[in-house]
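A.B. asks: Handing you this structure, nothing more for now.
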Amino acid sequence: MKTLKNIQDLFLLLCPIAAMAQNIGSAQTQVNVTIAQVQSIQISQPTVNISMAKPSHFLLGNDSGQQTNHIKVSSSSAYEVTVKASTEYFSHNGNSTSLPVNTIVVKTETGSLTNSNAQPPAGLRVVPQIMLSALPATIIKSPAGEWGRGFHVNYAIPATKSPGYPNRESGTYSTTIMYTLIPQ
């Protein structure tokens, strides 16, 4: 009987421990993060002017001046930016002219990153200048995405192209320039 009492005592001692070791309940969840490609391109100055109002402009050319952070790119992955004009020739008063858009040079350089002084990604390539054309040309190629990277642009008529501007009717000659962001 003594052995039975010892077993009962041992059982009573172990029962509270066993009760404390039991799981009261558990549940679990799975968390999924869905990553999508996100790209955005913005132009900060929707209208840019180049003045041809002085004799020196017709001899030496002129430019728009630097358009600070003119192109702003946000991309979740590597990207490329192309530039092209909507037509081969400028229009004047709504009519096509014989003045070609390839008299304009698009000069591009790396600008700043929104709310950050971070350096651009290693391998970022920016074409410093390219003649405008109705065909797309790559001006920026980045191996990594960034949020809000600016690029400065200066639209210029170089001295070599300024001879195409004299002997034209006065007024505003226009073209639409399109920048396209292409994920890589």
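The values are calculated or read from the model by the stated rules, or taken from the named source; none is laboratory data. Keep in mind that what you see is a predicted model, and the values were worked out from it rather than measured. In this analysis, Cβ positions are derived from the backbone assuming ideal geometry, glycine residues included, and neighbour counts consider all displayed protein chains. Just so you know, the surface numbers come from the protein's heavy atoms only, side chains and all, with ligands and any DNA or RNA stripped out. Shrake-Rupley method; radii C 1.70, N 1.55, O 1.52, S 1.80 Å.
A.B. asks: How much of R125 can a 1.4 Å solvent probe reach, expressed as accessible area in Å² and rounded to 10?
C.D. replies: We get 140 Å² for R125.
A.B. asks: Leaving ligands, DNA and RNA out of it, report the carbon-plus-sulfur percent of the accessible area of the chain at a 1.4 Å probe.
C.D. replies: Heavy-atom surface of the chain belonging to carbon and sulfur, 1.4 Å probe: 55 percent.
A.B. asks: Report the GluC sites (Glu not before Pro) located in segment 81-162 that are in a DSSP loop and have at most 16 other Cβ atoms inside 10 Å of their Cβ, or state none.
C.D. replies: Within segment 81-162, the qualifying GluC sites (Glu not before Pro) (loop, at most 16 other Cβ atoms within 10 Å) are E88.
A.B. asks: Relative contact order, percent, of the chain when contacts are C-alpha pairs under 8 Å separated by at least 6 residues?
C.D. replies: 31 percent
A.B. asks: I'd like the orientation of helix 2-21 relative to the chain: the angle between its Cα long axis and the longest Cα principal axis, in ° from 0 to 90, rounded to 10.
C.D. replies: It is inclined by approximately 10 degrees.
A.B. asks: Might you tell me the accessible area per residue for the chain, computed with a 1.4 Å probe and given in Å²?
C.D. replies: Here the residues of the chain average 65 Å² of exposed surface.
A.B. asks: Could you give the length gained on full extension between Q30 and A122, defined as 0.36 nm per residue of separation minus the Cα-Cα distance, in nm?
C.D. replies: Between Q30 and A122, full extension yields an extra 29.5 nm.
A.B. asks: Let me ask you something else. At 1.4 Å probe size, put T176, T97 in order of accessible surface, largest to smallest.
C.D. replies: T176, T97
A.B. asks: Summing -39500 (n - 2.57) over the DSSP H runs of n ≥ 4 in the chain and dividing by its residue number, what mean residue ellipticity at 222 nm do you reach, to the nearest 500 deg cm²/dmol?
C.D. replies: Calculated at 222 nm, the ellipticity per residue is -4500 deg cm²/dmol.
A.B. asks: May I pose another question? How do M52, M131 stack up against each other in accessible area, from largest to smallest, with a 1.4 angstrom probe?
C.D. replies: Result of the area sort, largest leading: M131, M52.
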